[in-house]
1. What are the residue pairs meeting all of these: first residue in region 149-167, first residue in contact (Cβ under 8 Å) with a residue 12 or more places away in the chain, second residue surrounded by 13 or more Cβ atoms within 10 Å (Cβ to Cβ) and of a type in the set (S, T, N, Q), Cβ atoms under 6 Å, and 6 or more apart or on different chains?
2. From LYS71, LYS113, grab the single residue that is farther than 19 Å from PHE146 by Cα and assigned to a helix (DSSP H, G or I).
3. Among (1) in a loop (DSSP other than H, G, I, E, B); (2) exposed (fewer than 12 other Cβ atoms within 10 Å of the Cβ); (3) not aliphatic (A, V, I, L, M), there is one condition ASP108 misses while meeting the rest; what is its number?
4. Could you identify the single residue in VAL49, VAL41 that is in a loop (DSSP other than H, G, I, E, B), within 18 Å of VAL185 (Cα to Cα) and modelled with pLDDT of 95 or more?
5. Condition (residue is of a type in the set (Gly, Ala, Ser) and either surrounded by 14 or more Cβ atoms within 10 Å (Cβ to Cβ) or under 14 Å from the mean Cα position of the chain (by Cα) (or both)) applied to region 177-184: is it met by at least one residue?
6. Across region 20-75, which residue is farthest from GLN195 (Cα to Cα) among those that are charged (D, E, K, R) and within 17 Å of the chain's Cα centre (by Cα)?
7. Out of (1) at pLDDT below 95; (2) under 22 Å from GLU64 (Cβ atoms); (3) of a type outside the set (Gly, Ala, Ser), the odd one out for ASP108 is which?
8. Would region 82-105 turn up any residue that is among the charged types (D, E, K, R), more than 17 Å from GLY162 (Cα to Cα), under 16 Å from the mean Cα position of the chain (by Cα) and modelled with pLDDT of 95 or more?
Amino acid sequence: MLSQFKKWMAAAALMAASSVSMAADYIAGTHYKVLEEPVPVLMDGKVHVEEAFWYGCSHCFHLESIIEPWKDQLAADVDFQRVPAMFSRNWILHAQLYYTMDQLKVLDQLHSKVFNSIHLQKQRLLSPEDQRQFVVDNTDVTAEEFDKAYSSFGVKSRMTRGDKRVRAFQITGVPTLIVNGKYVVDATSAGGQQQMLDVADFLINKERNGL
């Protein structure tokens, strides 16, 4: 019995050492970037993770299949939000669709469908007319309700704030994860999309533990 206990302890120690070793392998400046000027986050005791993305980005589309189950298992002290990047006209149009869906409270219902529509069904959703029809066809939202939200001050102001925020992250591409407004992680630096989430987990723990 004692021998079995010793074996269990040895195995646990090996796993702990392996975990520490893996964590130690994530190096600032190599696997993630540290912002010289952190971007403020809500001071609510949570670790904030943001994904900068664009609906038209194939890499963002591919990330969806692994980031959805990842965000669903995040602890209660982690807040995950998406922020659409607006680096060109098409990106701006898709960002407006994103914020409109959010204002209409159908974002969770439609987010994945937008990606599928663009990348699988080849519907670009770049005109207000196409975007309106997409939302009306997939929800109980009326055309009038869509138009009112689409041109609202609330949507326009959120677009302005979101654009400033993404630019403050000093990123040049998407998808990119930003942890607590301090750390920037992309697939190139992390070594792949799954590795992005592994590095994000490491940084979440780092922030949680005040390291």
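1. ALA149/THR100; ALA149/GLN103; TYR150/THR100; GLY154/GLN103; VAL155/THR100; VAL155/GLN103
2. Being farther than 19 Å from PHE146 by Cα and assigned to a helix (DSSP H, G or I) holds for just one of LYS71, LYS113, which is LYS71.
3. So ASP108 meets the others, but not (1).
4. Of VAL49, VAL41, the one residue that is in a loop (DSSP other than H, G, I, E, B), within 18 Å of VAL185 (Cα to Cα) and modelled with pLDDT of 95 or more is VAL41.
5. Checking region 177-184: at least one residue is of a type in the set (Gly, Ala, Ser) and either surrounded by 14 or more Cβ atoms within 10 Å (Cβ to Cβ) or under 14 Å from the mean Cα position of the chain (by Cα) (or both).
6. If we take residues in region 20-75 being charged (D, E, K, R) and within 17 Å of the chain's Cα centre (by Cα), then LYS46 is farthest from GLN195 (Cα to Cα).
7. Among (1) at pLDDT below 95; (2) under 22 Å from GLU64 (Cβ atoms); (3) of a type outside the set (Gly, Ala, Ser), ASP108 violates only (1).
8. So far as region 82-105 goes, no, none of its residues is among the charged types (D, E, K, R), more than 17 Å from GLY162 (Cα to Cα), under 16 Å from the mean Cα position of the chain (by Cα) and modelled with pLDDT of 95 or more.
The values are calculated or read from the model by the stated rules, or taken from the named source; none is laboratory data. In this text the structure is predicted, and so the values were computed from the model without any measurement. Neighbour counts are summed over all protein chains in view; Cβ atoms, including those assigned to glycine, are modelled from backbone coordinates with ideal geometry.
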